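Reviewing the structure listed below.
The values are calculated or read from the model by the stated rules, or taken from the named source; none is laboratory data. Since this is a predicted model, take the numbers as computed values, not measurements. Cβ atoms come from the backbone with ideal geometry, glycine included; neighbour counts cover every protein chain shown.
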């Protein structure tokens, strides 16, 4: 078993793709811990999406573009897929095909009613939805899709507010 | 004393959520009737349901993968509860110019293919979805008839497992109807779920 794991790790290290395109499966508690631990002054832009959600897939290139545009600033784009665990291969295939460079989590969600409100009370549960954190605090939430201009302007605005 | 504090806390939570959620109907609200075109080209209103004890209003659509996961479960709800006085009325609110799969013709096709035993209405103006405050598909509003008026008793998810109907633990809509039929309060009366955002017309 250990050998298998090592082989897996080795092939992972050897292949650049594996490192850059890996989808990390987390539960809500793990995701929340991640968010709470980021108390630095980086603006974290967390986008909830799924491969089956057309507007989500359409707006992803805008987030990728924003990531490059703001690459010299303290801005980090994170995607949280709400696909089910059995759709993990589809998620991996999607980020591979679309060449998504920023980190992708898959939220192994359980019952959404347990965590949708915790992310934002105004969130009805429809996706896409985007939340921004800075210094461990929520600074922005939107249920709905973005244009390139909108996402750039919100990031610019939230990144300036110290 | 402890009881009073928890009641106060509950009231506070309700008050907060009432202010933080967007427009649309809340549990306890009286709903206005609608008149929407069914797949058989006839208009359907709630007033047509003279003998109903209530209506299971489901905002759903053709294209959404989440709605697809629930198609057969929506059909089952109608089969099980129409005879008990709670028929299903499905409403598709999406703008077909944004998603061709949700056109009226495609709605007719899907309903025929699946053998829908309930109306599948086209909310062409999207006014009904807006009035309800529906945001996604599927999105359920369970209505109970009280003194001739329809009152919202439950809003949200059909059950707690979209992916696997066999692994469902909580059937929220069914539980709500069971409670109503037993003259018991509906709890929980609001359950959030993931879904496809309604495709609103571009203004």
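Data table
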item	result
Residue A:96 touching a residue at least 40 places away in the same chain (Cβ under 8 Å), out of contact with any strand residue (DSSP E or B) (no Cβ under 9 Å at 6 or more places or on another chain) and more than 13 Å from chain B (Cβ to nearest Cβ)	yes
Candidates A:34, A:73, filtered to the one that is touching a helix residue (DSSP H, G or I) at 6+ places or on another chain (Cβ under 7 Å) and more than 30 Å from residue B:199 (Cα to Cα)	A:73
Pairs where the first residue, in segment A:41-58, is within 14 Å of residue A:76 (Cα to Cα) and the second is at pLDDT below 95 and assigned to a helix (DSSP H, G or I), C-beta under 7 Å, 6+ apart	A:43/A:158; A:43/A:159
Count of segment B:152-203 residues which are within 8 Å of chain A (Cβ to nearest Cβ), modelled with pLDDT of 95 or more and not in a loop (DSSP other than H, G, I, E, B)	2
Residue tally, condition assigned to a helix (DSSP H, G or I) and closer than 28 Å to residue A:86 by Cβ, over segment A:28-61	16
Residue selected from segment B:139-151 under the condition away from chain A (no Cβ under 14 Å) and touching a residue at least 60 places away in the same chain (Cβ under 8 Å), by the criterion nearest to the chain's Cα centre (by Cα)	B:142
All positions within segment B:119-131 that are surrounded by fewer than 20 Cβ atoms within 10 Å (Cβ to Cβ) and either assigned to a loop (DSSP other than H, G, I, E, B) or at positive phi (or both)	B:124, B:125, B:126
Residues within segment A:124-139 that are at positive phi and within 13 Å of another protein chain (Cβ to nearest Cβ), tallied	1
Qualifying residues in segment B:94-109 (those that are buried (at least 20 other Cβ atoms within 10 Å of the Cβ) and touching a helix residue (DSSP H, G or I) at 6+ places or on another chain (Cβ under 8 Å)) - the one farthest from residue B:56 (Cα to Cα)	B:96
Filtered residues of segment B:134-146 (kept if within 19 Å of residue B:54 (Cβ to Cβ) and surrounded by 18 or more Cβ atoms within 10 Å (Cβ to Cβ))	B:134, B:138, B:139, B:140, B:141, B:142, B:143, B:144, B:145
Matching entry among A:69, A:74, A:22 (being surrounded by fewer than 17 Cβ atoms within 10 Å (Cβ to Cβ) and closer than 17 Å to residue A:147 by Cβ)	A:69
Single condition residue A:32 does not satisfy, out of (1) farther than 18 Å from residue A:119 by Cβ; (2) away from chain B (no Cβ under 14 Å); (3) surrounded by fewer than 17 Cβ atoms within 10 Å (Cβ to Cβ)	(1)
